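Peer 1: Here it is, the structure, as structure tokens.
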């Protein structure tokens with residue numbers, strides 16, 4: 001008897017979920033943005049994310065939600081395409097996300113331009129997006145900008161700006177930026193570091 005009750009409950013729950021999904025499908029097809037996004041999230045997260053058919057269906061609703069103006073759906077598409085290494089498809093979504101202050105999107109676009117992933121390689125554009133990400137407190141992006149000023153990639157070489165961006169990365173907690181900042185700072189103060197420091201110590 002107990003098994004029968006449990007079986008009936010499972011059937012009822014399955015029916016409710018199925019009914020809910022159809023309700024969201026109908027609402028989405030009637031241009032309900034919220035319904036499209038909710039349905040897409042349901043199909044692309046949790047256990048459903050393990051099912052390829054569910055994922056593909058969910059991505060379809062995610063694209064529809066994005067077209068209807070749901071920016072969270074657009075953000076998802078950018079990250080998803082990037083994860084799949086579909087850089088050309090990811091870039092416009094990531095650029096839009098960056099314009100709305102999402103630092104990981106800015107950093108990702110910077111890397112796409114720096115490495116020329118499905119786009120003409122451009123150090124100038126790479127620095128532009130890394131700089132935005134740095135402003136949004138991405139330590140890695142600040143470090144990347146410092147490296148660009150050190151090597152003159154898309155910019156004029158500048159020890160002053162190199163040091164400035166290492167300092168920003170350091171303040172955001174990136175150890176390697178702190179180390180590079182200290183080296184430049186010591187050089188300015190006439191303090192030998194690294195190999196020169198070791199040689200000096202040999203004769204003391």
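Bear in mind these aren't lab numbers, they're just calculated from the coordinates by the rules spelled out. What you are looking at is a predicted structure, and each value in this text was computed from that prediction instead of being measured. As a convention, Cβ positions derive from the backbone with ideal geometry for all residues, glycine included, and neighbour counts pool all protein chains shown.
Peer 1: Which three extents, in angstrom, do the Cα atoms of the range 90-157 have along their principal axes, listed largest first?
Peer 2: 31, 27, 14
Peer 1: By the gyration tensor of its Cα atoms, with a ≥ b ≥ c the square roots of the eigenvalues, what is the shape of the range 23-99: rounded for a/c under 1.5, prolate for a/b over b/c, or oblate? Kindly include the intermediate steps, with their values, before the conclusion.
Peer 2: Numbers: a/c = 2.42, a/b = 1.27, b/c = 1.91.
It is oblate, given that a/c is not under 1.5 and a/b is not larger than b/c.
Peer 1: Then there's this: Could you grab the Rg to Rh ratio for the range 53-168? Cα atoms only, Kirkwood for Rh.
Peer 2: Result: Rg/Rh = 1.07.
Peer 1: Simple spin-label model, 7 Å along Cα-to-Cβ: residue 158 to residue 21 in nm?
Peer 2: With each label placed 7 Å out from Cα toward Cβ, I get 5.6 nm.
Peer 1: If you split all Cα-Cα distances of the range 101-204 into 5 Å bins from zero, what percentages do you get per bin, shortest first?
Peer 2: That works out to 3, 14, 20, 20, 17, 10, 7, 5, 3, 2, 0, 0, in percent per bin.
Peer 1: Between the range 128-149 and the range 69-112, how many Å separate their Cα centres?
Peer 2: 17 Å
Peer 1: Also: Taking the Cβ of each residue in 77, 172, 184 as the centre, tally the other Cβ atoms inside 10 Å and list the residues starting with the fewest.
Peer 2: Going from sparsest to densest Cβ surroundings: 172, 184, 77.
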